[in-house]
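Below you'll find the structure, written out as structure tokens, and then a few comments.
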Amino acid sequence: MKNKNHWEKVFATKAENEVSWFQPYPKTSISFLEMFDLPLDANIIDIGGGDSNFVDTLVEKGFKNIFVLDISENAINRVKKRLGEKAQYVNWIVSDITEFVPNVQFDFWHDRAAFHFLTSENKINNYVSIAEKAIRPNGYLILGTFSETGPEKCSGLEIKQYSELSMSSRFEPKFERIKCITENHKTPFNTIQSFLFCSFRRH
């Protein structure tokens, strides 16, 4: 409940461009999506989607089976409001990811900046176990976290930094690493945050 209350407050009190993770266009996430050339009926989920613009691009591209999960109902409601009538084309899920019980398997699991908020072994292991079950064989997992040279906190919370090796070791042997890149994200406050993005394929 502590985490949920934190994020409900963030999304109730801050505008979208008043948080460090804001991006007008999720360029890196979309480039990973396009790399895998998914069919329009693919099951795609955005974990910790918040009020990110990733879902807007998915809708615009014509994907039919879009899911957005976030712990904050306020975040979900903000995106629904922004999308207007298009919100009906998205499956909205208010849940802590470590307690998520999916009722479908996914072809594409996207997470930019949710996984690194899990700092206990128990929660990290829960996440990995849920992803293993929820992503179908040959499905894709795309993770964006702070790198080892990135911030040690975000939104006042401790985070866990990752390297290509430490992230890969979390998801092997069920996943095969495809590609990792580092990216400097410029925040709305003109600071730079170092991110690591890795893509994996489910065995």
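Of the residues Val19, Val55, which is at pLDDT below 95, closer than 14 Å to Arg78 by Cβ, of a type in the set (A, V, I, L, M) and under 16 Å from the mean Cα position of the chain (by Cα)?
Val19
Can you tell me which residues in segment 40-57 are outside any helix (DSSP H, G or I) and farther than 14 Å from Gly139 by Cβ?
Across segment 40-57, the qualifying residues are Leu40, Asp46, Gly48, Gly49, Gly50, Asp51, Ser52, Asn53.
Within segment 40-48, is there a residue that is surrounded by fewer than 22 Cβ atoms within 10 Å (Cβ to Cβ) and either free of Cβ contacts under 8 Å to residues at least 40 places away in the same chain or not hydrophobic (A, V, I, L, M, F, W, C) (or both)?
Scanning segment 40-48 turns up at least one residue that is surrounded by fewer than 22 Cβ atoms within 10 Å (Cβ to Cβ) and either free of Cβ contacts under 8 Å to residues at least 40 places away in the same chain or not hydrophobic (A, V, I, L, M, F, W, C) (or both).
So Phe63 passes all but one of these: (1) touching a Leu at 6+ places or on another chain (Cβ under 8 Å); (2) part of a helix (DSSP H, G or I); (3) of a type outside the set (Val, Ile, Thr). Which condition number does it fail?
Evaluating Phe63 over (1) touching a Leu at 6+ places or on another chain (Cβ under 8 Å); (2) part of a helix (DSSP H, G or I); (3) of a type outside the set (Val, Ile, Thr) leaves (2) as the failure.
Look at segment 158-191 and say how many of its residues are hydrophobic (A, V, I, L, M, F, W, C), under 18 Å from Phe117 (Cα atoms) and in a loop (DSSP other than H, G, I, E, B).
Counting residues in segment 158-191 that are hydrophobic (A, V, I, L, M, F, W, C), under 18 Å from Phe117 (Cα atoms) and in a loop (DSSP other than H, G, I, E, B) gives 1.
Could you list all residues from segment 111-121 that are surrounded by fewer than 14 Cβ atoms within 10 Å (Cβ to Cβ) and in contact (Cβ under 8 Å) with a residue 24 or more places away in the chain?
Thr119
What about Asn138, is it farther than 19 Å from Thr98 by Cα, of a type in the set (S, T, N, Q) and surrounded by fewer than 20 Cβ atoms within 10 Å (Cβ to Cβ)?
yes
For segment 100-149: of the residues being part of a helix (DSSP H, G or I) and among the acidic types (Asp, Glu), which is farthest from Ala42 (Cα to Cα)?
If we take residues in segment 100-149 being part of a helix (DSSP H, G or I) and among the acidic types (Asp, Glu), then Glu121 is farthest from Ala42 (Cα to Cα).
How about segment 58-89: which of its residues are more than 18 Å from the chain's Cα centre (by Cα) and not hydroxyl-bearing (Ser, Thr, Tyr)?
Listed by number, the residues that qualify are Glu60, Lys61, Gly62, Lys64, Lys81, Arg82, Leu83, Gly84, Glu85, Lys86, Ala87, Gln88.
If Val19 meets every condition in (1) β-branched (Val, Ile, Thr); (2) touching a Leu at 6+ places or on another chain (Cβ under 6 Å); (3) closer than 25 Å to Asn190 by Cβ apart from one, which number is that one?
The one condition Val19 does not meet is (2).
Just the residues that are in contact with a strand residue (DSSP E or B) (Cβ under 6 Å, 6 or more places away or on another chain) and within 17 Å of Val101 (Cα to Cα), please, taken from segment 66-87.
Residues satisfying the conditions are Ile66, Phe67, Val68, Leu69.
What residue, of Ser194, Ser155, is under 17 Å from the mean Cα position of the chain (by Cα), within 25 Å of Leu58 (Cβ to Cβ) and of a type in the set (Ser, Thr, Tyr)?
Ser155
Hey, can you tell me all the residues within segment 66-80 that are in a helix (DSSP H, G or I) and not acidic (Asp, Glu)?
Result: Asn74, Ala75, Ile76, Asn77, Arg78, Val79, Lys80.
Of the residues that sit in segment 74-110 and are of a type in the set (Asp, Glu) and within 26 Å of Asn125 (Cβ to Cβ), which one is surrounded by the most Cβ atoms within 10 Å (Cβ to Cβ)?
Among those residues, the one meeting the criterion is Asp107.
The values are calculated or read from the model by the stated rules, or taken from the named source; none is laboratory data. These numbers were taken from a predicted model, which means no experiment stands behind them. We place every Cβ from the backbone using ideal geometry, glycine too, and count neighbours over all the protein chains shown.
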